Amino acid sequence: MANDDIKIGENFKKYRTKAGLSQEEFAQKAGVKYTTLTKLESGVIKKPSVIVMSKIAKTLGISIEDLLK
């Protein structure tokens, strides 16, 4: 399960950088706190809430399942 937790942050970072957005830009666009995003990408937050995951996925135009792969 630990590997899956790490992948969420890695996948988010991959999709965010592919979209050409900085962490700060993405936070504003998604309506999620900047600190939450940085903690998610760095693995400090291992199990983000469904609400946060939904906001991230919607902003990226992908499904939550895509973030979990």
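Quick note: the coordinates plus some simple rules give every number you see, no bench work behind them. Not measured: the values here are computed from a predicted model.
Using θ = phi - 60° and the Karplus curve 6.51 cos²θ - 1.76 cosθ + 1.60, what whole-Hz ³J(HN,Hα) does each residue of region 53-59 get, with Gly and Pro shown as x?
So the J values, rounded to whole Hz, are 4, 5, 5, 5, 4, 4, 5.
Report the full-extension gain for the segment GLU65 to THR38: residue separation times 0.36 nm, less the Cα-Cα distance, to one decimal in nm.
7.7 nm
Hey, what do the phi angles of region 22-35 turn into as Karplus ³J(HN,Hα) couplings, whole Hz, using 6.51/-1.76/1.60 and θ = phi - 60°, x for Gly and Pro?
Once θ is set to phi - 60°, the couplings for region 22-35 become 6, 4, 5, 4, 5, 4, 5, 5, 8, x, 10, 4, 4, 5 Hz.
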